[in-house]
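Quick note: the coordinates plus some simple rules give every number you see, no bench work behind them. None of these values were measured; they are calculated from a predicted model. A quick note on method: Cβ atoms are made from the backbone with ideal geometry, for glycine too, and the neighbour counts reach across all protein chains shown.
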Amino acid sequence: MTDSARRGNINYLEYVRSLEPSTKHFKNCLSAFGVGGLICVIGQFFRYMLGFAGLSGDELAGAVSVVLIFLGCFLTGLGVYDRIGRHAGAGSIVPITGFANSVTSPAIEFRTEGYIFGTAAKMFTVAGAIIVYGVFSGVMVGIIYYFL
Amino acid sequence: MLAEEMLAILFMYLKAFAVGGAICATAQIIINVTSLTSGKILVFFMLGGVVLTALGLYQPLVDFAGAGATVPISGFGYLLANGAIKGAEKGFYYAVTGSLSAASAGVTAAVVFSLIMSLLFRSKTKRS
């Protein structure tokens, strides 16, 4: 291969690389927006339905998240949620259903290692981090607000 | 009158879609730029929710978009911080325990349903 041809090849590869990510990123963001928004719309639907059923305030918010977490766990069990996640990226990670997925997924995956150190212990690989830092920062906020 | 109510409900769905989608798209941009893992994204967005709630900036978003703000994981942070803030009005004990009490429904649901699903289903990812 001559020098100029090699340089041309490198130039071409750089050109391709400069074009590829931005379009991929744009598509990623669009599908994340669509799927994430759709999950929130489903949440809003359950807010209205459970509101009609007579729930309100904290009880309503809790019931909506329980329903969504159930759906997230169930769809993860069926293997549907991971298929959605392959296309939606953050759109399926960031909603509360993604939190449910992060708990159920290792629980099923590590069942072969037993119910105590497999399912139960591995359940908290991601959720544990969220609970640890969530509770810590929550306590900090509580103490600050108490003394203010 | 009825048409007006229907329009308000439809508008609420639109706001939930826009705000929830925007939060997820923000996360996707951060993933694209920094290639953080999904677990770290969840932790950072939850902490973001806690901080914004403590500063009083997340409550208006919840009032505006409803489920669009509460369904993303930042809404979980909102729940934690809100529980702590409400508890702080009652006393020191409730200021400390308020956050986990508020999050108890979500954590309980995740643990119980996950255990049930792990009894019902086999791993799908290994097979495909």
(request) Compute the signed sum of charges (Lys and Arg +1, Asp and Glu -1) over the other residues within less than 15 Å, Cβ to Cβ, of A:A88. (result) +3
(request) Shielding by partners for B:51-62, please: the mean number of other protein chain Cβ atoms within 10 Å of each residue's Cβ. (result) 1
(request) Identify which of B:G56, B:G77, B:G87 has the largest mean-square fluctuation in a Gaussian network model of chain B, with springs joining Cα atoms closer than 10 Å. (result) B:G56
(request) For region B:10-94, calculate the relative contact order in percent as a whole number, restricting contacts to Cα pairs under 8 Å that are 6 or more residues apart. (result) 35 percent
(request) Kindly provide the pair-distance distribution of region A:47-148 built from C-alpha pairs, with 10 Å bins from 0 and whole-percent values in order of increasing distance. (result) 14, 32, 33, 18, 3, 0
(request) Would you mind working out the magnitude of the charge dipole of chain A relative to its Cα centre, with +1 at each Lys and Arg C-beta and -1 at each Asp and Glu C-beta, to the nearest 20 Debye? (result) 400 debye
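Please get the size of the charge dipole for region B:46-128, origin at its Cα centre, with Cβ charges of +1 on Lys and Arg and -1 on Asp and Glu, quoted in debye to the nearest 20. Working shown, then result.
On the way: 6 positive and 2 negative charges, 121 e Å.
Roughly 580 debye, rounded to the nearest 20.
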(request) Please report, in Å, the Rg and the Dmax of chain B, where both are computed over Cα atoms only. (result) 17.9, 55
(message) Please give me, ordered by residue number, the chymotrypsin sites (Phe, Trp or Tyr not before Pro) of region B:13-114 that lie in loop per DSSP and have at most 13 other Cβ atoms within 10 Å.
(response) none
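Taking only complete DSSP H runs, can you tell me which helices of chain B stretch 20 Å or more along their own long axis by Cα positions and average at least -0.5 on the Kyte-Doolittle scale? Spell out each step's value before the answer.
Values: long enough: B:2-34 (48 Å, 1.49); B:38-54 (24 Å, 1.84); B:73-90 (27 Å, 0.35); B:92-120 (43 Å, 1.59).
Passing helices, by number: B:2-34, B:38-54, B:73-90, B:92-120.
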(message) Inside 10 Å of the C-beta atoms of B:93-101, what's the mean count of C-beta atoms belonging to other chains?
(response) 5
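Calculate the mean, over all residues of peptide A:118-130, of how many other protein chain Cβ atoms lie within 10 angstrom of the residue's Cβ. List each step's numbers first, then the result.
Details: counts 1, 5, 4, 0, 1, 5, 3, 1, 6, 7, 1, 5, 13.
Counting Cβ atoms of other protein chains within 10 Å of each residue's Cβ and averaging gives 4.
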(request) Return a whole-number percent for the relative contact order of region A:33-147, with Cα pairs under 8 Å and 6 or more residues apart as the contact set. (result) 21 percent
